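Q: One structure coming up, written as structure tokens, with questions to follow.
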Amino acid sequence: MLEPSRVRFFDIRDATADDTQTLIGLIRALARDEKLEHEVVATPELLAQALFGTDRKAFALICEAGGKAVGFSICFHTFSTFLGRPGIYIEDLYVEPEYRGRGIGKAIFRYLAKRALAGNCGRIEWNVLKWNESAIRFYASLGAVPMDEWQTQRITGSALHALAA
């Protein structure tokens, strides 16, 4: 866990169990932004167990401006067999539209980069929707390289249940 980061007018910190409702609200805002709100089935209970329970699966960051949560990121650790080291996968990163362009996204990435290095991680990865050109430009400005030769695959829902049967 890193010390909270104070940058300009906002703070970035690790989320706590007390932030569960706030995170659910920000997740719904992200989903609305991506026109995917119908896919959000996370509940405060599920989120609290995954992020703050005894068998944590992920971690979350909260960005606050003037005491108001204006952004978040949810991440988890991966492992690279080629690097022989862990990595951080950014599942989601969101900044409220009226707070974009103020350095919050970059500060969240900087916070995660410091966390990655402190944890001996070899990389940070994430996916971006192909239509989100402004995000792609932002990521390129950070030095991110698209992995065009890779295609994300997913098994979920009934296919996951059928495979496990």
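Q: Looking only at the range 119-134, how many residues end up being touching a residue at least 12 places away in the same chain (Cβ under 8 Å) and loosely packed, with under 10 Cβ neighbours inside 10 Å?
A: Going through the range 119-134 one residue at a time, the tally reaches 1.
Q: Oh, and also: If I ask for residues that are at pLDDT 95 or above, in a helix (DSSP H, G or I) and of a type in the set (Gly, Ala, Ser), which ones from the range 114-139 would you list?
A: The answer is Ala116, Ala118.
Q: Which condition does Leu83 not pass, out of (1) touching a residue at least 24 places away in the same chain (Cβ under 8 Å); (2) surrounded by fewer than 13 Cβ atoms within 10 Å (Cβ to Cβ); (3) in a strand (DSSP E or B), if it passes all the others?
A: Leu83 satisfies every listed condition except (3).
Q: For the range 107-118, how many residues are exposed (fewer than 14 other Cβ atoms within 10 Å of the Cβ) and either touching a residue at least 12 places away in the same chain (Cβ under 8 Å) or in contact with a His (Cβ under 6 Å, 6 or more places away or on another chain) (or both)?
A: 2
Q: Conditions: (1) more than 18 Å from Pro97 (Cα to Cα); (2) among the basic types (Lys, Arg); (3) at pLDDT 95 or above. Arg6 meets all but one. Number of the miss?
A: (3)
Q: Which residue out of Gly84, Gly105, Gly157 is at pLDDT below 90 and of a type outside the set (D, E, K, R)?
A: Criteria check complete, one pass: Gly157.
Q: Cβ-Cβ below 7 Å, separation at least six or inter-chain, first residue in the range 135-160 and within 23 Å of Glu39 (Cβ to Cβ), second modelled with pLDDT under 95 and of a type in the set (Lys, Arg): which pairs?
A: Going by the 7 Å Cβ cut-off, there are no qualifying pairs.
Q: Next question. Being over 16 Å from the mean Cα position of the chain (by Cα), touching a residue at least 24 places away in the same chain (Cβ under 8 Å) and over 19 Å from Leu112 (Cα atoms) is the filter here; which residues of the range 17-65 pass it?
A: Across the range 17-65, the qualifying residues are Ala17, Pro44.
The values are calculated or read from the model by the stated rules, or taken from the named source; none is laboratory data. The shown structure was predicted, so the numbers you read here are calculated from the model rather than taken from an experiment. When we count neighbours, we look across all protein chains shown, and the Cβ atoms used for this are built from the backbone with ideal geometry, even at glycine.
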